[in-house]
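Note sheet for the following structure.
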Amino acid sequence: MSKTRILTGITTTGTPHLGNYVGAIRPAIAASRDANVESFYFLADYHALVKCDDPARVQRSTLEIAASWLAAGLDPEKVYFYRQSDIPEIPELTWLLTCVTAKGLLNRAHAYKAATDANRAVGEDADAGVTAGLYMYPVLMAADILIFNANKVPVGRDQVQHIEMARDIGQRFNHIYGCEYFALPAAAIEESVATLPGTDGRKMSKSYDNAIPLWLPEKELRKAILGIVTNSQAPGEPKNPDESNIFAIYQAFANVNETAAMRKAFADGIGWGDAKQKVFERVNAELAPMREKYDALIAKPGHIEEALQAGAKKARELARPFVARLREAVGLRDLRIKPQSIAPIGFDTAKVGKPALQPVVFRDAGAFAFKVVDAKKTVLAEKGGFADPKAAMAAAREAMAGLVNA
Ligand code: TRP
């Protein structure tokens, strides 16, 4: 059975905060240890350019986010961990997808609509200050996802529409070119993962200016936690844990027993100062060993650069042949290949591009075999006895090249 592919991107515009750790980094690393999944985590630095034109910031954020994932325990040997801009096949696919994407679909994207609505509200031209990058953002994101045929994309609610658009765009391409080139992705929203409240009680987010940076030195972490707002209940007064951001943060780091004990302490009227001190101690106990790794990684950017280069190499081994196949599908082809699928004028355009030949790899007598079939499923070549599916696929391609060039 093929493994489920989980993929997510992190835009490289900021410094990771506690909410990113609890809501994304920690659950993703846990999921990556499941033997039934293949994980793809990448630094979405092309997406960063849509929001940020400060080069130093994009670079620094890339370094910090990469170091954070590695310090938190991501094993780059076990997953695909790469930087988007190291995969030239992603912008290449973006163009192929752009050409099948309805402009109207992009007009309806929430981020673009919010920008144009805001302009209209103040009597400006709808597109004032809107770049084509913002407009195209969902297509680039679709390319990120479709290029690795990801099945599940863990994202926050604000990104669900983008995943739906990636499905639409992938489906459209499959339909036009008459073949299931792309798996259709689904958004995965982790209901069980806490959204961490920030220092003001609202969801922790860099846009609310209420975030606690993940790798603050110990003293500053303590100061930040002691600064979280609470109500004015006095020590000795019983407190409701379910309405407390202090409790919510504690719970995101504590085990079941620790959480139960804290619940009781709240009922017994623990003072806010003492509760915050306990939160600090618990959070710090988890982060301290990682912080040491993080500081060591940041001090050696060359190590991270090498890890990302190795990750890109591994990812491109999948992306390169796939995009080669897609180029061929749309007609960007070696001129020696017989143009079998070029439709005569008046041909049903929905069927144009149906691949003339297709390789099929299958298990056969304990080994792997391939067939090459045409659009009517007639078998044109067949051979067995391959040790692995890759070898069978390579032989199938060779046979196909022989057939089309014959
Ligand atoms: N747009 C996402 C965000 O802002 C980041 C991102 C880029 C992404 N490409 C992706 C997420 C592909 C999931 C899959 O959070």
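Hey, got the dipole for the chain? About the Cα centre, +1 on K and R Cβ, -1 on D and E Cβ, debye to the nearest 20?
My answer is approximately 1040 debye.
Residue 105 contributes about 30 Å² of solvent-accessible surface, heavy atoms of the protein only, 1.4 Å probe.
Of all beta bridges DSSP finds with both residues in the chain, what is the antiparallel percent, to the nearest 5? Beta bridges within the chain, antiparallel portion: roughly 50 percent. Projecting the Cα atoms of 63, 385, 122 onto the charge dipole of the chain (Cβ charges, centred on the Cα centre) puts 385 farthest toward the positive pole.
Please compute the length gained on full extension between residue 157 and residue 258, using 0.36 nm multiplied by the number of residues separating them and subtracting their Cα-Cα distance. Show your work: numbers first, answer last.
On the way: separation 101, 0.36 × 101 = 36.36 nm, distance 2.97 nm.
Here the segment from residue 157 to residue 258 would lengthen by 33.4 nm.
The three principal axes of the Cα atoms in segment 215-298 give end-to-end lengths of 45, 25, 16 Å, sorted in falling order. Converting the Cα gyration tensor eigenvalues of the chain into ellipsoid dimensions via √(5λ) gives semi-axes, longest first, of 48, 26, 19 Å.
How would 239, 219 rank on accessible area, largest to smallest, probe 1.4 Å? If you can, show how the numbers build up before the last one.
Working: 239 10, 219 180 Å².
My answer, sorted largest first, is 219, 239.
For the pair residue 233 and residue 121 in one chain, pulling the backbone fully straight at 0.36 nm per residue adds 36.1 nm over the alpha carbon distance.
Helix 389-405 and the long axis of the chain differ in direction by around 40°, with both axes built from C-alpha atoms. To the nearest 0.05, how large is the calculated FRET efficiency for residue 267 and residue 77 if R₀ is 45 Å and r is the Cβ-Cβ distance? For R0 = 45 Å, the calculated efficiency reads 0.45. Cross-link pairs exceeding 27 Å between alpha carbons, from the set 313/338; 3/390; 314/390: 313/338. Given R₀ = 35 Å, FRET efficiency for residue 209-residue 113 by Cβ-Cβ distance, to 0.05? That pair, residue 209 with residue 113, gives E of 0.90.
Can you sort 199, 12 by 1.4 Å-probe accessible area, starting with the largest?
Values: 199 35, 12 0 Å².
So the residues, ranked largest to smallest area, are 199, 12.
Calculate for the chain the 222 nm mean residue ellipticity that helices alone would give, adding -39,500 (n - 2.57) per DSSP H run of length 4 or more and normalising by residue count, nearest 500 deg cm²/dmol.
Numbers: 14 runs with 195 residues, N = 406.
Computed mean residue ellipticity for the chain: -15500 deg cm²/dmol.
The residue 310 and residue 186 beta-carbon pair, evaluated with R₀ = 30 Å, returns a calculated FRET efficiency of approximately 0.55. Within the straight-line cut-off of under 17 Å between alpha carbons, the lysines reachable from residue 278 are 219, 223, 239, 264, sequence neighbours fewer than 8 places apart in one chain being disregarded.
The aspartates and glutamates within cross-link reach of residue 300, meaning a Cα-to-Cα straight distance under 16 Å and a gap of 8 or more places when in the same chain, are 64, 292. Taking the longest Cα principal axis of the chain as reference, the axis of helix 132-146 is set at about 70 degrees. Which angle between 0 and 90 degrees, to the nearest 10, do you get for helix 272-299 versus the longest principal axis of the chain when only C-alpha atoms count? In the chain, helix 272-299 runs at an angle near 40 degrees to the longest axis.
The values are calculated or read from the model by the stated rules, or taken from the named source; none is laboratory data. It should be emphasised that the depicted structure is a prediction, and the values quoted were computed from it without experimental measurement. Methodologically, a virtual Cβ is constructed for each residue, glycine included, from the backbone with ideal geometry; neighbour enumeration extends over all protein chains shown. Keep in mind that these areas ignore ligands, DNA and RNA; they rest on the heavy atoms of the full protein, side chains included. Shrake-Rupley method; radii C 1.70, N 1.55, O 1.52, S 1.80 Å.
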